[in-house]
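Read-outs throughout are calculated quantities, based only on the coordinates presented, and are distinct from any laboratory measurement. All values reported here derive from a predicted model rather than from experimental measurement. Note that each Cβ is placed from the backbone with ideal geometry, even for glycine, and that neighbours are counted across all protein chains shown.
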Amino acid sequence: MPVLEGRELRIIGFLCNWCSYGGADTAGVARFDQPTDLRIIRVPCSGRIDPLFVAKAFMNGADGVLVSGCHPRDCHYAEGNFYARRRLEVFKNFISVLGIEPERFEYTWVSASEGQRWQEVVTKFTNQVHTLGPLAPVPEISLDRLAATETAQP
Amino acid sequence: MLEQLKDTIKKALPELDFVIGWGMGFDALHATPLFMYEPEDVDKLVWGPLNVHNLATYLPALKGRKVGIVVKGCDSRSVAELLQENLINREDVVIFGAPCRGTVSLTKIRKVIGNTGLIEDVNYADGTLTVKAEGASHEMALKDIRADKCGYCRFPNAVLSDHFVGEKRAPQVEEDTFEDLAEFESQPFEERRDFWMKEMDRCIRCYACRNACPLCVCRDHCVAQSRDPHWLSQQDGVRDKFMFQIIHATHLAGRCTTCGECERACPVDIPVLLFKRKFTKAIKDTFDYDAGLDPEATPPLLAFKANEDNIKEKEW
Amino acid sequence: MKIGVFVCHCGSNIEGTVDTKTVAEASLDFPEVTFATDTMYACSEPGQDGIIEAIEEHKLDGVVVASCTPRMHEPTFRKTLERAGLNPYMFEMANIREHVSWIGKDREANTNKAADLVRIAVEKLRRNQPLTPKEFDINRRVLVIGGGVAGIQAALDCAEAGLEVVMVERESTIGGKMAKLDKTFPTVDCSSCILGPRMVEIAQHPNITLYAYSEVESVSGYVGNFEVQVKKKATYVDWAKCTGCGECVEKCPSRKAPDPFNELLAPGRAINIPFPQAIPKKAYIQAEHCIKLTKDKCGNCAKVCPSDAINFEAKDEIITEEVGGIIAATGYDLFDWTVYEEYGGGRYPDVVTSLQYERMLSASGPTGGHVKRPSDGKEPKKVVFIQCVGSRDKSVGRPYCSGFCCMYTAKQAILTKDHIPDSESYVFYMDIRAPGKLYDEFTRRAMEEYGAQYIRGRVGMVYPDGEGQLVVRGADTLMGTQVEVKADLVVLAVGAEAAKNSPQLAEKLRISYDAYGFFMEGHPKLKPVETNTAGVYLAGACQGAKDIPASVGQGSAAAAKVIGLFSKEKLKSDPQTALVDIKRCIGCGKCAETCPFGAINMTEFRGQPKAEVLETVCQGCGLCAATCPQGAVQLKHFTDNQILAEVEALCRF
């Protein structure tokens, strides 16, 4: 099971290796309790994150997506997070036209030393997504076939 | 004005492989792209509200050849954008501009006249379009059948041209207020989602939206049909069709001039321009940037500022 | 592909809150997983041998280890694969310790989540390609930033090992904070006597180039091949000619300039040589206080200079240095103690900082080593020391212990008695932290032999009594009473914070720093002098407050790291770089435009423009991959397909 039905929601995190993934490690080392919903995908840099990965996650049924990178000016690759900030900001704006609440998607900056901040971000974001509730995945099949399968399975 | 335009083109023609404009199509209501090689071809040129196509779409494939192109204001922004992205060379393209009074939406006309057979005659004058078909005559006010994009047009004259014919017109509006978008987004999120589910379910995945888009320059390498990267399956489900529209819009963020070709080309009339309108507004609000005005500009998503003016990051 | 999954117990660290056996069993259902087991300590020798045996026995082509963070043991397990004859990059880790077992106690949720993380690791691994690193040359020169005792130690060790060293020092002399100290604990030996000769060695060593009064402007490049721009700030004195005779300082009429070396205890001159043992012993002009430079009058110094070294036209100069490794040793600065309104906030002249007191005690200081009250020049008979000023105090945003203040306060109490035998010293303290060799003995000597009176408690207020003395009012928590001590002089044991502009330097070096500006080490225990940026090392207090022996130890440790790095014939580049599929590339150049490293060139292939990645320049950030609309540029091991597969794996049903 990807998540515990009824208890967890599907929350995907894209974290840069150098800052936020390290910050999540620091939070772990410090034993900072966090909700269990979040699953982390490690990427080298927030600049690697094509906003379309976020879209894909929502299409496939993610209820929330969190991107976290190095603080502006602290990017391990100098500029990656600067580009990411623009792209993700515009994308966060965009998703409302799709009918996805912008609060389901957040991007933020957490450094490798900020274990406590990471705990706070995860906790608050998870609560934020739980407030919105689940987001139904977009059907993989056509609506007709979906209706047919739904009638077939009472 | 049309004659003046023809003369200008004829004068320039010897230096060019050909000039792209519009001619009459299979009937009087439908214009079609016209490739003018000889002076006689130029005589077939038409100019008016039926010139719906954005001919800039042809240009990237013609890179390296010397061609002319006739543009409306909106088309010229696509040309500017292609220049900015180095997909065409400025010295290879001769741009013929003329003031545009707006184009029609054939979808809207079809809604008025129905699915008629042969169109016998079309006339437009003084803001009225008269279509004679199957014996009946339909009079329509141009503003009722105008393409939506013309309602918020700020650039009726070519933003760049080598030859501009006629008198420049004042813009339709000073500012685009995105009322269409505001109206759509006045619905609750769930209704918006439901709306798109139904619309995307109707999509026949023909890619006409993409193929008509002057800035969909990946052509044969569109990620919609590749396995590496494998963004989409070839399944006929809602998810992949919806995802494709998101990909299309996202790839156009900061580049799209909202020329509306995607929506015009859609055979099942899905309002796919709305996605791009949303990005356009976000780009305008965040970076005060309009695509397709300055071939020398660096588009906002290929740039950054260490301290962004209009981005407020979430404080946890 | 045959994938083996190893789920680590990490003793009870993981097993305590994750059912590793269940995770291993669940893994067997994942695509292409043909072997899965739980293991006690995957990283231990038997653990690694178990992996190697399983690879051989089950003919595995790829391995997933579910254990701790890949930031810790990814290199370990890649070597394990290599020993088993597999390509080291056919490996993925699932972080089920830091990201699962340590952050929650719900065993069911943890086990489920751990299995999910293994699944995404498997999906990613299925799409991994064997990779081979490229080799490149090393520029065997090292940059040491900061000429305090840690930087000096690092520079001398490197230079002695035969490396060329470039040292950049912000002030006009090296020596750092240690040069300002009178004596050092716990031996009470003369600071400049032990540091001075080492400073001279820096100046004289043929392998060391010193840029004093200079700062690092920018850093580009990567491990083995950095390019550093050094800004030599204008001194208005030609140091090639200056002999350090000091004639100019004598004749300078601008006598209200700050004297930073003496911690602003007394005014200095606009043209200045910090102290007699300065290295380099050269004069520099503080432009904003120079009458010639501000008002175009005077010019005395130029007139009296016997070597004609003064140059009022001097400008900042940028010098480019190429190095293969960098040691940051930028030290600390004192916390801004004036935020403590209750201690006078800088208003009472007879409340001084510990470093100002050092200058007072020092024979080379402005009082010639005589302890005098700044207000009236009288010798104080009662001195009160207040500890933890800007340390262990959340209310001023400094929750940490600066570590060395207890010791230097004890030293200063001892020295006070030495200087003024009929004086009394009082020390207000929270706890005495004296864990070093001979340290506790030293603080006891201060109390027992030198009669320093230690009062456990915080000071609530310091105020003038109107008769020339200061009243120090505080709590004595051992007696449970309020105490008031009348003092002639109050010395604040001000805590340390990272040197000014440390965050800016960290950004140039692309290393992390904490909320106080201290640089982040690679691992708090196992990589104390490394950073997460290859080729950049730390020494001394820039990583966190520390005393002289610890700083010197780190200086040597950082030097050893650089020497070790340079002992390799060639360095290997990370092969996880970007790659262009030229069939898909339409030559729009967006990737080249955004690449932060200039690692993408536009070339022509059969008349078509195409992007090309320079593999040894590419650092693997993947910005190009996120920029290319048709996915023609992919980052190896972080391809679109891999990330998509991970997303899909997490969003099943």
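Scalar couplings 3J(HN,Hα) for region C:614-621, obtained by applying the Karplus form with A = 6.51, B = -1.76, C = 1.60 to θ = phi - 60°, are 8, 4, 7, 8, 4, 9, x, 6 Hz; x denotes Gly and Pro. The loop-placed GluC sites (Glu not before Pro) in region B:175-274, going by DSSP, that have at most 11 neighbouring Cβ atoms within 10 Å of their Cβ come out as B:Glu175. Axis angle, to the nearest 10 degrees, between helix C:191-204 and the longest C-alpha principal axis of chain C: 60 degrees. Taking the number of Cβ atoms within 10 Å of each Cβ as an exposure proxy, the fewest-first ranking of C:Met199, B:Met140, B:Met24 is B:Met24, B:Met140, C:Met199. For region C:333-497, rounded, prolate or oblate, judged on the Cα gyration tensor with a ≥ b ≥ c (square roots of eigenvalues), a/c < 1.5 rounded, else prolate if a/b > b/c? Rounded.
Summary of the geometry: region B:40-106 and region B:120-159, compared by the centres of their Cα atoms, lie 21 Å apart. Here the ratio of the Cα radius of gyration of chain B to 2.2 N^0.38 Å is 1.04. Only lysines eight or more places from B:Lys108 in sequence, or on another chain, were considered; those with a Cα closer than 17 Å are B:Lys132, B:Lys143, B:Lys149. The trypsin sites (Lys or Arg not before Pro) of region C:222-298 that DSSP puts in a loop, and whose beta carbon has at most 14 other beta carbons within 10 Å, are C:Lys241, C:Arg255, C:Lys256, C:Lys297. Loop-located trypsin sites (Lys or Arg not before Pro) in region C:437-484 (DSSP state other than H, G, I, E, B) with a sparse environment of at most 14 neighbouring Cβ atoms within 10 Å: C:Lys437. Listed by chain and number, the lysines whose alpha-carbon sits under 16 Å from that of C:Lys105, ignoring those within fewer than 8 places in the same chain, are C:Lys113. Need the C-alpha centroid separation for region C:43-102 versus region B:185-254, integer Å. A separation of 40 Å, based on Cα centres. Let me see the pair-distance distribution of chain C: every alpha carbon pair, 20 Å bin width, integer percents in order. That works out to 16, 39, 31, 14, 1, in percent per bin.
For region C:363-418 and region B:274-304, write down the distance between their C-alpha centroids in whole Å. Computed from Cα coordinates, the inter-centre distance equals 59 Å. Descending by average beta-carbon neighbour count within 10 Å, the peptides C:166-173, C:63-70 line up as C:63-70, C:166-173, the highest first. Greater than 22 Å separation of Cα atoms is the criterion. Which listed pairs, A:Lys56/B:Lys63; C:Lys183/C:Lys232; B:Lys305/C:Lys590; C:Lys231/C:Lys251; C:Lys282/C:Lys561; C:Lys508/C:Lys636, meet it? As for pairs spanning more than 22 Å Cα to Cα, those are A:Lys56/B:Lys63; C:Lys183/C:Lys232; C:Lys231/C:Lys251; C:Lys282/C:Lys561; C:Lys508/C:Lys636.
The C-alpha atoms of chain C define a longest principal axis, and helix C:107-126 lies at about 70 degrees to it.
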